[in-house]
Amino acid sequence: MKKLEAIIRPEKFQELREELDQHGVKGMTISEVAGCGQQKGQKGVFRGNKYEIKLYPKVKVELVVDNDDVDVTANIISRTCSTDQVGDGKIFVSAVEDVYRIRTGETGKEALQ
Ligand SMILES: Nc1ncnc2c1ncn2[C@@H]1O[C@H](COP(=O)(O)OP(=O)(O)OP(=O)(O)O)[C@@H](O)[C@H]1O
Ligand SMILES: [Mg+2]
């Protein structure tokens, strides 16, 4: 199993939710976050005053999916959330060792959706 952590534009979330639902993806965790991209780390001084790098509001969507579904899920996110402008976001993929459904005690793939 893999976890996809997608950082997307907040205004794209509703459309993504519907698109994922149509592809049978039910489980996800959403957070409102703030972040910055390529400009990260730049520090400016303007007339003697340091200014802070702006943080932009983003939505983080976390989805744990079967290994076989990583590409199709990432493609749905990319297609739906792209505007071709800077700041469209990123998808981070990492390994997940196991999952338990608390209600039934199912584990692994059985517990995913
Ligand atoms: N390396 C990173 N680690 C963690 N979060 C990141 C990283 N890069 C981007 N993000 C998150 O993704 C959001 C969107 O990033 P953004 O799309 O601006 O990335 P970028 O690398 O600047 O690409 P682009 O050139 O398309 O803007 C950021 O606001 C931040 O929350
Ligand atoms: Mg950027």
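The values are calculated or read from the model by the stated rules, or taken from the named source; none is laboratory data. For clarity, every value in this text was computed on a predicted model and none was experimentally measured. Note that we place each Cβ from the backbone using ideal geometry, even for glycine, and neighbour counts take in every protein chain shown. Please note that ligands, DNA and RNA were not included when accessible areas were found on the heavy atoms of the full protein model with its side chains. Shrake-Rupley method; radii C 1.70, N 1.55, O 1.52, S 1.80 Å.
What to note about this one:
- Of all residues in the range 98-113 being open to solvent by 80 Å² or more (accessible area, probe 1.4 Å) and free of Cβ contacts under 8 Å to residues at least 60 places away in the same chain, the one that is nearest to Val72 (Cα to Cα): Glu110
- Considering residues of the range 66-86 that are under 13 Å from the mean Cα position of the chain (by Cα) and more than 15 Å from ligand 1 (Cβ to nearest atom) only, the residue surrounded by the fewest Cβ atoms within 10 Å (Cβ to Cβ): Asn75
- Subset of the range 12-38 that is out of contact with any helix residue (DSSP H, G or I) (no Cβ under 8 Å at 6 or more places or on another chain) and within 16 Å of ligand 2 (Cβ to nearest atom) - its residue that is most open to solvent (accessible area, probe 1.4 Å): Gln38
- When Asp71, Asp84 are checked against the criterion of being of a type outside the set (Phe, Trp, Tyr) and either closer than 30 Å to Ala111 by Cβ or in contact with a helix residue (DSSP H, G or I) (Cβ under 7 Å, 6 or more places away or on another chain) (or both), a single residue qualifies: Asp71.
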